[in-house]
1. Rounded to the nearest 20 debye, what is the charge dipole size of the chain about its Cα centre when +1 sits on each Lys and Arg Cβ and -1 on each Asp and Glu Cβ?
2. Convert each backbone phi in segment 109-123 into a coupling constant with the Karplus relation 6.51 cos²θ - 1.76 cosθ + 1.60 (shift: θ = phi - 60°), then list the ³J(HN,Hα) values in order as whole Hz, x for Gly and Pro.
3. Mean shadow of segment 7-52, computed from the convex hull of its alpha carbons, in nm²?
4. Computing the accessible area with a 1.4 Å probe over protein heavy atoms, can you report the carbon and sulfur percentage for the chain?
5. Working out 0.36 nm times the residue gap between Gln107 and Ala23, then minus their Cα-Cα distance, what length gain in nm do you get to one decimal?
6. Starting from the Cα-Cα distance between Ala160 and Ala84, subtract it from 0.36 nm times their residue separation and give me the gain in nm to one decimal.
7. Would you compute the Debye intensity of the chain from its alpha-carbon atoms alone, equal scatterers and no solvent, and pass along log10 I(q)/I(0) at q = 0.08, 0.09, 0.14, 0.16 Å⁻¹ to two decimals?
8. Suppose the chain between Thr60 and Val14 were pulled fully straight at 0.36 nm per residue; how much longer would it get relative to their current alpha carbon spacing?
Amino acid sequence: MPAPAPAGLQLGQVTETVGADGAGRLEITPTSIVYATASGSDKPTKDTFAFIVYKARATTAVAADQAAPIDSGGWSWVAPNGQAIAQGNGEAYNVVADSFNAGRTVQPGTHVLDAAVFDLAAAQVGGTLVYTDGEGTAYRWTIPKTDTGPEVGQIKKELAP
């Protein structure tokens with residue numbers, strides 16, 4: 001049975017998680033959020049894309065895969081009204097920024113910058129980001145309603161039309 005996850009994490013706070021299938025450990029840190037009304041020529045099916053950059057760092061001597069929906073894990077968004085939203089919903093699956101597209105595997109002693117993207121209605125902005133790890137433990141970060149974090153400029157540059 002997984003240990004309870006820390007509650008009330010904020011953007012920029014790190015937490016240690018278990019890799020996919022229980023192999024290895026990863027420190028996960030959401031670092032930046034940008035709300036964008038377009039990505040290149042792609043438009044959200046709702047009102048905005050929430051593009052969240054996170055750092056994943058392997059903390060053991062073995063490579064660790066980030067948990068994904070295929071593993072019953074990965075990223076989701078909880079809107080202020082409690083509605084759960086899957087990563088890559090709507091047109092979010094089309095939104096990619098090369099600097100934040102690292103893939104699942106993190107090698108020992110390294111970190112990657114990756115992204116989770118959601119297609120949100122205006123009322124769903126400023127929610128809770130959830131990462132479910134390889135043991136099924138859910139970690140939650142409160143995400144601000146405005147663009148915030150050190151990668152904001154780079155994200156906007158890469159998502160620009």
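1. Charge dipole, the chain, about its Cα centre: 300 debye, nearest 20.
2. With coefficients 6.51, -1.76 and 1.60, one gets x, 10, 9, 10, 9, 9, 9, 10, 10, 10, 9, 10, 7, 3, 6 Hz.
3. The Cα convex hull of segment 7-52, projected and averaged over all directions, gives 5.1 nm².
4. Result for the chain: 51 percent of the exposed heavy-atom area is carbon or sulfur.
5. Gain on stretching Gln107 to Ala23: 29.0 nm.
6. Working it through step by step, the gained length comes to 24.6 nm.
7. -0.20, -0.26, -0.64, -0.85
8. Gain in length upon complete extension: 15.0 nm.
The values are calculated or read from the model by the stated rules, or taken from the named source; none is laboratory data. Since we're looking at a predicted model, the values are computed, not measured. Don't worry about glycine lacking a Cβ; one is built from the backbone with ideal geometry, like all the others, and counts go over all protein chains shown. Remember, those area values only see protein heavy atoms, side chains included, never the ligands or the DNA or RNA. Shrake-Rupley method; radii C 1.70, N 1.55, O 1.52, S 1.80 Å.
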